[in-house]
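Participant: Could you have a look at this structure, given as structure tokens, before my questions?
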Amino acid sequence: MRIGERRIAGPLLLAILATLLCACPAREEAERQAESGDPVAAPSPEQTALTPALTELNEYWDSLPTADRSMLEEEGRSLDYYLSQYGDLDRGLLRALVSSFLAARRGESESGGNGSPELQWQFLDIFSGADKDYAVLSVGNFDDDPAQELLHSEQYRCRVLELDGSARELPVLGWDAIRTSLAWDWDGDGVDELVATAYAAEGEAAGTVGLDFVRLDGTVAGSLNGRLLKATQPLADYDGDGRPDLIYDEAASRRIVGLASSGREIWSTEQIMPSVALAVADLDGDGLDELLASGAGAGQSGAASLRAFGSGQEPQPVPGLTGELPGDMPVCAADLDGDGIAELLTQNSIIFPASGKRVELELPDGRSRINFGAFPCKVLPLRRSTGTLFAALILESEDSHRFDALLLWDAAGRLVYSEMFEVAADGLYAVWDGSADRLVLRTEKAILVERVEEQ
Ligand SMILES: [Ca+2]
Ligand SMILES: [Ca+2]
Ligand SMILES: [Ca+2]
Ligand SMILES: [Ca+2]
């Protein structure tokens, strides 16, 4: 059964953002003036000079039905109000804000209306202005409770975000932490370090790269000479002890190495190119995860083969995978049906490596194919109390770079949830809350978390 579908989450996201922005001094001042009856300050010369963008906004405003415009203005939501609240207001954003506000005032439901559970997004944090492009989000466990947190690090700001909306400010961690690729427990103490790309210091040989493991106080806990593989799923449990292990591409030997938190090498490949981890999970049911990678070893000729690499075993081809590109390329692996063997998600199907069986993915209405975008994809296993799903952001069209939809599939390839966003979705994360994963969505302006109803 499809549990939900809807199209107007963009306005909802923006409404959440608008609620946050309501706390800003400009809004408070406007409210104070409105309550006291003080005259509102005249628009500045910048506002009165009609730029093409402003002309467009005015045209949109004038095109609204009179009743809608009256409702907005009665509630203090004039065009000037929106202009004062959103510095970079454009027509699309204004339309989204207005329609979200009007829908809420009319009591219209944001959900599909079939009574089925919908994802509701709540605000976690905002990117701070011009430096948002430097903002990095890392999912990890950064304290002594078993739930994961989200580290939001920017050039001049760093915070640990809890899923309940609270946040812990950290001292700015410096350049190493800003280049964070992921969080991983380097020293095995149960608290994750940040895995950051380290470049050669001035005076050292050019081209030297390495990985630094940076603690949340900014100190470097350890380093190694290698680099991370391009991977949708960078961590897996290769020795079966229940703790995630790291894979990296060792600089000197060009081997791919699986590394436990203790620093122990669990397994490694022969010299292999290229270094891309397509998927990681237990593909043969022996209780240990494998890495699925395409690469030719040294001295091998011909096409690179797609094989599973793991601890204590020879590299194995995976049943059901033809290696046909790009349609058959796996982008994520997880055990959805609970038989102990992971399923593989590709561009058009779910493949069962135990049998080689495949099922076609159900697509949302209006889409004839899925485009996950460039590898590594914004795709992840989502652990729910009812089982694990594949969750993916997809591009709006073949030639677009804009992700506009969230899709969830079960093991049968059924689309159990789909949501189209009017704002671009820049990132998708799964954060373990102690009993299940919660989805976190990154948009251009904000970080949103899926709300869970109180039991
Ligand atoms: Ca924690
Ligand atoms: Ca640690
Ligand atoms: Ca492990
Ligand atoms: Ca295995």
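Participant: Condition first: more than 16 Å from ligand 2 (Cβ to nearest atom), more than 15 Å from residue 429 (Cα to Cα), part of a helix (DSSP H, G or I) and modelled with pLDDT of 70 or more. Can you find one or more residues in segment 128-136 that meet it? Can you show your working first?
Facilitator: Residues of segment 128-136 that are more than 16 Å from ligand 2 (Cβ to nearest atom), as a first pass: 128-136.
Keeping just the survivors that are more than 15 Å from residue 429 (Cα to Cα) gives 128-134.
Retained after the next criterion (residues that are part of a helix (DSSP H, G or I)): 129-134.
Applying the additional criterion that residues be modelled with pLDDT of 70 or more yields 134.
The answer is yes, given that some residue of segment 128-136 is more than 16 Å from ligand 2 (Cβ to nearest atom), more than 15 Å from residue 429 (Cα to Cα), part of a helix (DSSP H, G or I) and modelled with pLDDT of 70 or more.
Participant: Follow-up question, since we're still on this one. Within segment 234-289, which strands (runs of 3 or more DSSP E) (wholly inside it) include 1 or more residues that are free of Cβ contacts under 8 Å to residues at least 12 places away in the same chain and within 13 Å of ligand 4 (Cβ to nearest atom)? If you could, list the steps in order and put the result at the bottom.
Facilitator: Values: elements: 245-250, 255-259, 265-273, 276-281.
Passing ranges: none, list empty.
Participant: Related question: May I ask you to say which residue of 374, 412 is touching a strand residue (DSSP E or B) at 6+ places or on another chain (Cβ under 9 Å) and of a type in the set (A, V, I, L, M, F, W, C)?
Facilitator: Numbers: 374 fails: touching a strand residue (DSSP E or B) at 6+ places or on another chain (Cβ under 9 Å).
Checking each option against the conditions leaves just 412.
Participant: Would a scan of segment 363-373 turn up a residue that is buried (at least 20 other Cβ atoms within 10 Å of the Cβ), within 21 Å of the chain's Cα centre (by Cα) and either free of Cβ contacts under 8 Å to residues at least 12 places away in the same chain or under 18 Å from residue 441 (Cα atoms) (or both)?
Facilitator: Yes.
Participant: Still on this structure: Go through segment 295-344 and give me each residue that's among the polar types (S, T, N, Q) and modelled with pLDDT under 80. I'd like the intermediate steps shown before the answer.
Facilitator: Within segment 295-344, the first condition is being among the polar types (S, T, N, Q), and the residues that meet it are 300-301, 305, 311, 313, 316, 322.
Of everything in segment 295-344, those that are among the polar types (S, T, N, Q) and modelled with pLDDT under 80 turn out to be 300, 301, 305, 322.
Participant: Test of understanding: among 440, 452, which residue is among the β-branched types (Val, Ile, Thr), in contact (Cβ under 8 Å) with a residue 12 or more places away in the chain, buried (at least 21 other Cβ atoms within 10 Å of the Cβ) and out of contact with any Pro (no Cβ under 8 Å at 6 or more places or on another chain)? Before you say what the answer is, go through the steps one by one.
Facilitator: Working: 452 fails: buried (at least 21 other Cβ atoms within 10 Å of the Cβ).
That would be 440, the only listed residue that is among the β-branched types (Val, Ile, Thr), in contact (Cβ under 8 Å) with a residue 12 or more places away in the chain, buried (at least 21 other Cβ atoms within 10 Å of the Cβ) and out of contact with any Pro (no Cβ under 8 Å at 6 or more places or on another chain).
Participant: Kindly establish whether residue 273 is surrounded by fewer than 19 Cβ atoms within 10 Å (Cβ to Cβ) and either modelled with pLDDT of 85 or more or under 28 Å from the mean Cα position of the chain (by Cα) (or both).
Facilitator: Yes; evaluated as a whole, the condition is true for this residue.
Participant: Further, regarding this structure: Does segment 385-399 hold any residues that are surrounded by fewer than 16 Cβ atoms within 10 Å (Cβ to Cβ) and in contact (Cβ under 8 Å) with a residue 24 or more places away in the chain, and which are they? Before the answer, list the steps.
Facilitator: From segment 385-399, those surrounded by fewer than 16 Cβ atoms within 10 Å (Cβ to Cβ) are 385-387, 397-399; that's our starting set.
Within segment 385-399, 385, 387, 397, 398 meet the criteria.
The values are calculated or read from the model by the stated rules, or taken from the named source; none is laboratory data. Since the structure is predicted, the reported quantities are computational estimates derived from the model, not experimental observations. Reconstructed Cβ throughout: ideal geometry from the backbone, glycine too, with neighbour counts over all protein chains shown.
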